Amino acid sequence: MKAQGGKSIYGASVGILMLDAHFPRVPGDMGNATTWPFPVHYKIVRDASPDLIVRRGAEGMLGNFIDSARELVRDGVDGITTNCGFLSLYQEELAAAVPVPVATSSLMQVAMVNAVLPAGKHAGILTISGSTLTRTHLEKAGVPDGTPVHSTEAGKEFTRAILGNELELDIDLAREDNVNAAQEMTRAHPNLGAIVLECTNMVPYAADIRAATGLPVFTIESFVSWFQSGLAPRRYPR
């Protein structure tokens with residue numbers, strides 16, 4: 001048996017482009033390495049603050065993300081994702097710039113989730129910033145027209161602390177914001193059959209949302225786990 005070289009790093013098939021942020025990343029958060037049952041390789045895109053990417057349309061940052069994606073490929077990853085659903089804006093450009101698969105946003109799951117739901121049911125999106133999640137973001141991720149969108153912006157903690165890049169996060173209040181927003185969406189849309197969490201920082205609260213609404217909840221964790229399973233299929237003993 002011979003080993004094949006050509007990479008700098010082995011065993012981490014997924015490369016994650018990270019925003020340049022310092023808020024707490026609790027277990028479940030995409031940026032907490034303990035979240036993943038497989039190795040991942042992180043690359044911080046300097047100056048890509050949460051406010052710039054989410055509230056200001058990632059203005060002027062495309063080149064930085066392309067350069068960082070190419071560095072991840074040179075390091076040896078087999079596929080690339082990002083830690084912000086709003087980076088669906090760059091899906092086409094990043095996919096064209098690197099020779100590996102790219103899955104920028106949890107929003108890319110919406111059409112797939114719709115396909116598995118009972119007749120008459122559809123997915124809704126819970127986002128950190130409904131006021132700045134545009135039709136362009138949704139179109140770039142392949143989200144069908146008419147998909148309900150609800151936000152945590154009216155909450156006490158989650159949106160403010162994450163987008164403000166604060167150094168302290170009240171986890172209980174953040175959970176409450178996410179659960180309340182999800183429940184409001186289900187009340188407003190009786191035909192909702194599932195919830196897709198846009199924000200990668202919402203993953204720690206997915207189980208609470210599921211318990212409170214009774215609906216399946218899909219996250220960046222579920223999306224990247226699916227993505228990774230194609231990049232590095234499990235080998236079974238014979």
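Quick notes
- Pair list, Cβ < 8 Å and 6+ apart or interchain, from segment 213-238 residues that are more than 23 Å from residue 191 (Cβ to Cβ) to residues that are open to solvent by 90 Å² or more (accessible area, probe 1.4 Å) and not polar (S, T, N, Q): 225/37
- Within segment 17-39, the set of residues being hydroxyl-bearing (Ser, Thr, Tyr) and under 26 Å from residue 67 (Cβ atoms) comprises 35 only.
- Flag if residue 111 is open to solvent by less than 10 Å² (accessible area, probe 1.4 Å), over 24 Å from residue 45 (Cα atoms), part of a helix (DSSP H, G or I) and of a type in the set (Gly, Ala, Ser): no
- Look at (1) touching a His at 6+ places or on another chain (Cβ under 7 Å); (2) among the aliphatic types (A, V, I, L, M); (3) over 18 Å from residue 222 (Cα atoms); (4) crowded, with 20+ Cβ neighbours inside 10 Å and you find that residue 138 fails only one, number (1).
- Residue-level analysis places residue 76 among those that are touching a residue at least 24 places away in the same chain (Cβ under 8 Å) and open to solvent by less than 10 Å² (accessible area, probe 1.4 Å).
- Considering residues of segment 13-39 that are open to solvent by less than 10 Å² (accessible area, probe 1.4 Å) and of a type in the set (A, V, I, L, M, F, W, C) only, the residue farthest from residue 91 (Cα to Cα): 30
- Qualifying residue in segment 122-132 (condition: surrounded by fewer than 22 Cβ atoms within 10 Å (Cβ to Cβ) and of a type in the set (A, V, I, L, M, F, W, C)): no
- Residue 42 being within 15 Å of the chain's Cα centre (by Cα) and open to solvent by 60 Å² or more (accessible area, probe 1.4 Å): yes
- Matching residues in segment 95-107 - criterion: being closer than 21 Å to residue 51 by Cα and either at pLDDT below 95 or out of contact with any Gly (no Cβ under 7 Å at 6 or more places or on another chain) (or both): 104
- Extreme residue, most open to solvent (accessible area, probe 1.4 Å), among residues of segment 153-211 that are of a type in the set (Asp, Glu) and more than 17 Å from residue 133 (Cβ to Cβ): 168
The values are calculated or read from the model by the stated rules, or taken from the named source; none is laboratory data. What you see is a predicted model; the values in this text were computed from it and never measured. For neighbour counting, all protein chains shown are included, and Cβ atoms are generated from backbone atoms with ideal geometry for every residue, glycine included. SASA here: full protein model, heavy atoms, side chains in, ligands and nucleic acids out. Shrake-Rupley method; radii C 1.70, N 1.55, O 1.52, S 1.80 Å.
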